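The values are calculated or read from the model by the stated rules, or taken from the named source; none is laboratory data. These numbers come from a predicted model, not from an experiment. Here Cβ is always computed from backbone atoms with ideal geometry, including for glycine, and neighbour counts include all displayed protein chains.
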Amino acid sequence: MENKGKRKHFAGFDLDRRSGRTSALSDGLNRWLTSHGMDPRQALLGELWRNWEIVMGPFASIAHPLGHRSGILLIGADDSCIMQELSYAVPELLERANAFMDEKFFSRVELHLLMGRDTLRRVDITEAPVLPPPPRPPRLGQLQLPEDSPLAECYRAYVRLFQENRNT
């Protein structure tokens, strides 16, 4: 028998022919990722950021994920009052994050003021603000260019952009 002692994979399970036992493929995933130079916990961190609202529950609207550094979970707050409130919830925030990671991945939480910084929270593009049209340049349309030049065609398109904004 040529396959004797080899493993056979089926339906998400790994059958070890030597022992006849089955084990979940996910049990070997960490070994495989490590053998290929990857930290298996990095993939789980990505899942934490993607599922932040579910993991943090009622805190998700005021505690924004910023990342991690040396076992420290970095969380941002919009203002100092919210940061003060979050400081009382640090043990629960830490417990929720570590429960999701299924190990004591984070040893502590560091709170930061956002001050306009981006977070790791998934942004819904439908929430993007509508920007007002740019102000009309003072001498728009007065630039003299050769009629047949590509630059002149671009400039005419630029002028039309402001004319269309003015009509709406």
- Item | Selected residue [within 19 Å of the chain's Cα centre (by Cα), farther than 20 Å from Gln42 by Cβ and in a helix (DSSP H, G or I)] from Gly76, Gly116, Gly57 | Gly57
- Task: Could you grab the pairs with beta carbons closer than 9 Å, sequence gap of 6+ or different chains, first residue in segment 93-106 and in a helix (DSSP H, G or I) and among the polar types (S, T, N, Q), second one surrounded by fewer than 17 Cβ atoms within 10 Å (Cβ to Cβ) and at pLDDT 95 or above?
- Result: none
